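Undergrad: Right, I'll just put the structure down here and ask away after.
Here, each number is a calculation from the coordinates, and none is a lab measurement. Because the structure is a prediction, the values reported are computed rather than measured. Note: ideal-geometry Cβ built from the backbone for every residue, glycine included; neighbour counts use all protein chains shown.
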Amino acid sequence: MRRLIAPIAERQHLLVALLAVWLILSSPWVQLLRRIPREAGFLAYAHVALGFLALLPGLTFTAACVRKGRWRLYFPWLTGRLRQSAHDLAGLVRGRMPTVEGGGLIMLIEGLLLLAFVATAATGAAWFWAQGSGEAMAWRQHHLFAAHWLIGLLVVHVLAGALHILEFVRG
């Protein structure tokens, strides 16, 4: 069963990554406030459509990652187990790379990134459904807050991955 799920999870990771990058890179050209304007162009409609699409792989990829108790690795703060993450952070300050296996800082970052991705998609969907109402601007603010966290965590995730690849090549 694991051999069947692993390739699906890898494809979901790629799909989620591509959706996140496209949505982030296209967002400066999307001007949606209280509602989708009548003169909205391709980028605005594509952003909304792909944002809705992002919710499904975001949820299924998160579900695939946290199966069989692995949620404890991605969300150690839910069980009060931040010791490994703190140890990894202290090691990082001393110039040591955190390990990828067994939880810790890298998995904590990945878990927060998963949450930020799903939160960004969910708040974008809520913003869409609230358009034209008094709640639309509040959902817009929630969406922007989640999107900024997503961007920050994505940068940290990519940097951590690049450092691990560099360490592997030099190793």
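Undergrad: Tell me, in nm to one decimal, what length is gained between Val100 and Gln31 on full extension, where the rule is 0.36 nm per residue of separation less the Cα-Cα distance? Present the calculation step by step, with values, prior to reporting the outcome.
TA: Values: separation 69, 0.36 × 69 = 24.84 nm, distance 3.90 nm.
Here the answer is 20.9 nm.
Undergrad: For the pair Val21 and Arg170, what calculated FRET efficiency results from E = 1/(1 + (r/R0)^6), where r is the Cβ-Cβ distance and R0 = 22 Å, to the nearest 0.05? Before the final figure, lay out the partial values.
TA: Details: r = 27 Å, r/R0 = 1.23.
The calculated FRET efficiency here is 0.20.
Undergrad: For the residues Phe75, Phe42, what sequence is obtained by ranking on other C-beta atoms within 10 Å, fewest first? Intermediate values should be presented prior to the final figure.
TA: Working: Phe75 19, Phe42 9.
Starting with the residue having the fewest Cβ neighbours, the order is Phe42, Phe75.
Undergrad: Rank the residues Val158, Val16, Val30, Val169 as a footprinting-exposure proxy: fewest other Cβ atoms within 10 Å of their Cβ go first. Provide the component values of the computation, followed by the final result.
TA: Working: Val158 12, Val16 21, Val30 17, Val169 7.
In order of increasing Cβ crowding within 10 Å: Val169, Val158, Val30, Val16.
Undergrad: Next question. In a Gaussian network model over the chain where Cα atoms closer than 10 Å are linked, find which of Arg140, Arg94, Arg70 has the largest mean-square fluctuation.
TA: Arg94
Undergrad: Can you tell me the Rg and Dmax of region 71-128, counting just the alpha carbons, in angstroms?
TA: Radius of gyration, then largest Cα-Cα span, for region 71-128: 13.9, 46 Å.
Undergrad: What are the ³J(HN,Hα) couplings of region 71-86, residue after residue, when phi is run through the Karplus curve with 6.51, -1.76, 1.60 and θ = phi - 60°? Round to Hz, x for glycine and proline.
TA: For region 71-86, the Karplus curve yields 4, 5, 6, 7, 10, x, 5, 5, 10, x, 9, 9, 4, 5, 5, 5 Hz.
Undergrad: Let me ask you something else. Can you work out the Karplus-derived ³J(HN,Hα) for every residue in region 64-69? Use 6.51 cos²θ - 1.76 cosθ + 1.60 with θ = phi - 60°, whole Hz, and x for glycine or proline.
TA: 5, 6, 9, 4, 6, x
Undergrad: Tell me, what ³J(HN,Hα) does each residue in region 151-163 have, in order and in whole Hz, if you take phi through Karplus 6.51 cos²θ - 1.76 cosθ + 1.60 with θ = phi - 60° and put x for Gly and Pro?
TA: The phi angles translate into 4, x, 5, 5, 4, 4, 4, 5, 4, 5, x, 5, 5 Hz.
Undergrad: A further question follows. Can you put Trp139, Trp127 in order of Cβ neighbours within 10 angstrom, beginning with the fewest?
TA: Numbers: Trp139 20, Trp127 25.
Going from sparsest to densest Cβ surroundings: Trp139, Trp127.
Undergrad: From the Cα trace of region 2-170, what convex hull volume per residue do you get, rounded to a whole Å³? Could the numbers behind the result be given before it?
TA: Working: hull volume 23.1 nm³, N = 169.
Per residue, the Cα convex hull of region 2-170 comes to 137 Å³.
Undergrad: If you don't mind, another one. What does the extension gain come out to for Leu89 and Ala63, with contour length at 0.36 nm per residue minus their alpha carbon separation?
TA: Numbers: separation 26, 0.36 × 26 = 9.36 nm, distance 2.67 nm.
Answer, rounded to one decimal: 6.7 nm.
Undergrad: Could you tell me the extents of region 11-90's C-alpha atoms along the three principal axes, largest first, rounded to whole Å?
TA: Ordered largest first, region 11-90 gives principal extents of 52, 27, 21 Å.
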